[in-house]
Structure formats: C-alpha cells, structure tokens
Amino acid sequence: MVYKKPFVLRLNPEILKAIEKWAADEFRSTNGQLEWIICEALEKAGRMKKKQQYRS
C-alpha cells in the first residue's frame with residue numbers, strides 16, 4: 001500500500017466547486033481529482049516521469 005501524506009489545502013470556493021463538479025463528471029472523489037490534476041501538471045512540466053507509482 002502506498003503511503004499518502006495528508007496536508008491542508010485552502011482553495012477559493014469557486015475553484016473547489018468547479019473541481020467537485022469535474023470530479024463527479026469523471027466518477028472520482030474530489031481528492032482523487034486534485035491528485036490527478038497535480039500529476040498531469042507535473043508530467044506536462046517535466047517534473048515527474050509518466051506511469052510512476054504516485055497514482056492511486
């Protein structure tokens with residue numbers, strides 16, 4: 001099992017609402033959607049290799 005470190009994230013309510021809707025549209029949890037968005041951004045920026053074990 002992969003350890004995931006919890007942390008607090010403060011978001012503008014409008015941003016959170018948009019992420020919650022996007023997550024629901026793709027059958028993900030809000031947390032899962034945020035993790036996916038971050039992973040995609042890291043890959044696109046060349047900060048993390050594709051297909052690593054950071055995805056849930």
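All of the numbers you see were taken from the coordinates with simple rules; none came from a lab. Since we're looking at a predicted model, the values are computed, not measured. We place every Cβ from the backbone using ideal geometry, glycine too, and count neighbours over all the protein chains shown.
Values computed for the structure shown
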| item | result |
| --- | --- |
| Candidates 35, 14, 43, ranked by Gaussian network fluctuation over the chain, Cα under 10 Å, top entry | 14 |
| Alpha carbon convex hull of the chain, projected area averaged over orientations, nm² | 4.6 nm² |
| Burial ordering of 16, 11, 34, fewest other beta-carbon atoms within 10 Å first | 11, 16, 34 |
